[in-house]
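Down below is the structure, laid out as structure tokens.
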Amino acid sequence: MKICIIGSGLTSLALAKALVNQNIHVDILRDKKKQKIDQSRTIGITKSNVGYFNNNIVNIDKIIWKLNKIEILSDKLNKEKLLEFQNNNQELFSMVRSFDLYNILEKSLKGNKLFRIQNKINLTNIQNEYNLLINLNFTNLITKKFFSKKIIKKYKSLAYTLILEHEKIDNKIARQVFTKIGPLAFLPISNKETSVVYSIKNIAKIKKENLLELINLHNPKYKIKKIKKISSFELFSASLRNYYHENILAFGELTHKIHPLAGQGFNMTIRDIKILLEIIKNKIDLGLPLNISVNQEFQKNTKHKNFIFSNGIDFIYEFFNYESKTKNNFFINSLKYLARKNSINNILKKIADTGLNY
């Protein structure tokens, strides 16, 4: 059995490692010799997904920073907490540098006889060479031909990412502040460093000094020593209408790209890996071939969940976007009241941790 993954990056390596662990031959076709990973980018991974990663892909305990509390705040409540999530001082989710995760995955695959990377891509007539082709590339010929139909929403916003280097503190609390110009997240990655993601309305770029001034308006406690590289990217969401064509499967952000405010993008992909691996393992255990039926089952099990979950993230964004424009606090105070109910709070935590798969 041979599977081909088309594309480079974290998802390609994570999926390849999960498949190789099942004794499946995997080729990665990529158009660059090595993926350049932005060192200002970080990823939040939920507790259940960290467990899955450790048990089924590669152990990442040494590179993650565990957080045990999430605070949600709003400009309109004068920095008063709107929501709070914690779990008896146990971790709710973890943060990891994209660069570190990429390196540990790459190292875990190096020298494996079941794994191969090809830097020269020829997509002509490769369908017959593999049981399955898994496509993660946004711009290649396969995507343009079979996976171009999407539901796209542009937020007319830029997301700015950077890392604050600050004085040492007990740094286990993540904070999401809904400001008048967009959501701002403080995401600790150590006792001395915190990742910042600020999604700002209006795609015109902001100067570094103005961005830092905006961030400091909501800086909860950090005595900043240094600002590491600032990066930015335009925000949009996209849902693919069809996930497969014959034995070619679209995967990862190609099927679902969401607003980063809840940090759920890569978590959705990990859940997709879990479902795909379960389907493949069942086929192998039953002595069945890996073919179009894998793709059919995958779409049946994931498409509706991904669509609902993606729209849920979009609803959260639009809710606070609308609320920031109104003069009263009725909706936001109603949400604050409901979230204090333990049953509702537990449901929200469960959905954030496992998606719609619980």
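The set of residues in segment 301-344 being open to solvent by 80 Å² or more (accessible area, probe 1.4 Å) and either touching a Cys at 6+ places or on another chain (Cβ under 8 Å) or of a type in the set (Val, Ile, Thr) (or both) consists of Ile308 alone. Checked against (1) outside any loop (DSSP other than H, G, I, E, B); (2) modelled with pLDDT of 95 or more; (3) of a type outside the set (Phe, Trp, Tyr); (4) open to solvent by 50 Å² or more (accessible area, probe 1.4 Å), Ala18 meets all criteria but (4).
Every residue, every condition in (1) basic (Lys, Arg); (2) touching a residue at least 24 places away in the same chain (Cβ under 8 Å), yes or no:
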site: Lys144; (1), (2): yes, no
site: Ser148; (1), (2): no, no
site: Ser157; (1), (2): no, yes
site: Tyr160; (1), (2): no, yes
site: Leu164; (1), (2): no, yes
site: Ile181; (1), (2): no, yes
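Might you let me know whether segment 257-276 holds any residue that is without any contact (Cβ under 8 Å) to a residue 12 or more places away in the chain and touching a Leu at 6+ places or on another chain (Cβ under 9 Å)? Full working, then the answer.
The initial filter retains those residues of segment 257-276 that are without any contact (Cβ under 8 Å) to a residue 12 or more places away in the chain, namely none.
Looking for residues that are without any contact (Cβ under 8 Å) to a residue 12 or more places away in the chain and touching a Leu at 6+ places or on another chain (Cβ under 9 Å), one finds none in segment 257-276, hence no.
Go through segment 214-301 and tell me which strands (runs of 3 or more DSSP E), entirely inside it, have 3 or more residues that are under 14 Å from the mean Cα position of the chain (by Cα).
Here the list reads 231-240.
Scan segment 66-90 for residues that are of a type outside the set (A, V, I, L, M, F, W, C) and not in a strand (DSSP E or B) and report the count. Spell out how you get there, then give the answer.
Restricting attention to segment 66-90, the residues satisfying the condition of being of a type outside the set (A, V, I, L, M, F, W, C) are 66, 68-69, 71, 74-76, 78-81, 84, 86-90.
Applying the additional criterion that residues be not in a strand (DSSP E or B) yields 68, 75-76, 78-80, 88-89.
Count: 8.
On inspection, Ile169 does not qualify as assigned to a loop (DSSP other than H, G, I, E, B) and over 24 Å from Phe93 (Cβ atoms).
A quick yes/no check of all residues on (1) of a type in the set (D, E, K, R); (2) open to solvent by 60 Å² or more (accessible area, probe 1.4 Å); (3) at negative phi:
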position: Lys180; (1), (2), (3): yes, yes, yes
position: Asn202; (1), (2), (3): no, yes, no
position: Glu209; (1), (2), (3): yes, yes, yes
position: Asn216; (1), (2), (3): no, yes, yes
position: Pro220; (1), (2), (3): no, no, yes
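Ile63 meets each of the listed conditions (1) outside any helix (DSSP H, G or I); (2) under 30 Å from Ile248 (Cβ atoms); (3) without any contact (Cβ under 8 Å) to a residue 60 or more places away in the chain apart from (2). For segment 73-95, the set of residues classified as open to solvent by less than 20 Å² (accessible area, probe 1.4 Å), at pLDDT 90 or above and in contact with a helix residue (DSSP H, G or I) (Cβ under 9 Å, 6 or more places away or on another chain) consists of Ser94 only. Only residues that are in contact with a helix residue (DSSP H, G or I) (Cβ under 8 Å, 6 or more places away or on another chain) and at pLDDT below 75 were counted across segment 316-328, and they come to 0. All conditions but one from (1) closer than 29 Å to Lys81 by Cα; (2) of a type in the set (Gly, Ala, Ser); (3) surrounded by 16 or more Cβ atoms within 10 Å (Cβ to Cβ) apply to Ser190; the one that does not is (3).
Residues that are part of a loop (DSSP other than H, G, I, E, B) and either modelled with pLDDT of 95 or more or under 16 Å from the mean Cα position of the chain (by Cα) (or both) within segment 185-204 comprise Ile189, Ser190, Asn191, Lys192, listed in sequence order. Return yes when Glu167 is among the charged types (D, E, K, R), closer than 16 Å to Ser231 by Cβ and touching a strand residue (DSSP E or B) at 6+ places or on another chain (Cβ under 8 Å) and no when it is not. So Glu167 does not fit the description; no.
The values are calculated or read from the model by the stated rules, or taken from the named source; none is laboratory data. Since the model is a prediction, treat every value here as computed from it, not as a measurement. Virtual Cβ from ideal backbone geometry, glycine too; neighbours counted across all protein chains shown. Protein only, heavy atoms only, side chains kept; ligands, DNA and RNA dropped before computing areas. Shrake-Rupley method; radii C 1.70, N 1.55, O 1.52, S 1.80 Å.
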